[in-house]
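Comments concern the structure below.
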Amino acid sequence: MANDPVEITITSPNLRQVMAEAKAIGPSIQRKLRKDLRGVGDDIIKDQRSILSAPLPGKAVKSGQRVRLVQARGKKKAYLRAVNVYQAEPASRSRTRGMRTQIKASLKTRVVAGATRSGISIRANKINKEGFEGVEKVWNKKIIRHPVFKKSGRETAYATQFGQPYWWEPINRGQLAARKKALEAIDNAINPKGAK
């Protein structure tokens with residue numbers, strides 16, 4: 001699961017057929033349609049990138065615990081669970097490894113119109129850089145607990161910090177507009193203006 005790209009899919013059950021119809025009209029129409037469909041997620045990605053460009057979140061310091069009611073799956077009874085409560089302190093780190101820049105660069109819209117799968121998806125691809133494995137999912141969490149290495153290099157301690165949930169909120173805000181853009185692009189390609 002950690003190696004899977006994070007994605008939301010805006011599906012069109014006939015996307016493969018639409019792409020075939022566009023190709024029948026002309027290969028240039030199909031290429032233009034594919035390019036237009038790749039642009040439907042631009043507003044969502046722009047919103048995600050603006051969240052990632054915000055100032056670094058602060059250090060998460062445990063300030064206590066609270067009790068939370070958890071509804072168990074199936075017919076099991078609900079139970080109480082103690083969860084940590086964190087408060088933010090200013091981030092003391094000044095250096096950066098470019099993790100958020102790598103995530104921003106990996107965001108893209110992909111169009112698939114294959115035999116087994118078709119749709120338009122917004123993805124954050126796995127970052128293939130040492131020390132960044134799975135970071136596109138981890139950075140989306142509210143709280144991140146990760147190892148930090150002391151100066152000796154061998155002793156490991158753990159730090160807790162806030163993440164930057166950048167993924168679902170922009171998608172929830174922009175998915176209807178993206179779907180509308182996709183349908184308009186399909187309509188314009190298959191039924192060009194001026195055609196009767």
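Every read-out reported here was derived from the displayed coordinates using simple, explicitly stated rules and does not represent laboratory data. All of these numbers come straight from a predicted model, not from anything done at the bench. Backbone-built Cβ (ideal geometry, glycine too); neighbour counts: all protein chains shown.
Miscellaneous remarks
- In this simple spin-label model, placing a label point 7 Å from the Cα along the Cα-to-Cβ direction at both VAL85 and ASN125 gives a separation of 4.4 nm.
- Residues VAL85, VAL112 in ascending order of nearby Cβ atoms (within 10 Å, fewest first): VAL85, VAL112.
- Each of TRP139, TRP168 was scored by other Cβ atoms within 10 Å of its Cβ. Listed from fewest to most, they are TRP168, TRP139.
- Between ILE51 and ALA72, the contour length at 0.36 nm per residue exceeds the Cα-Cα span by 4.2 nm.
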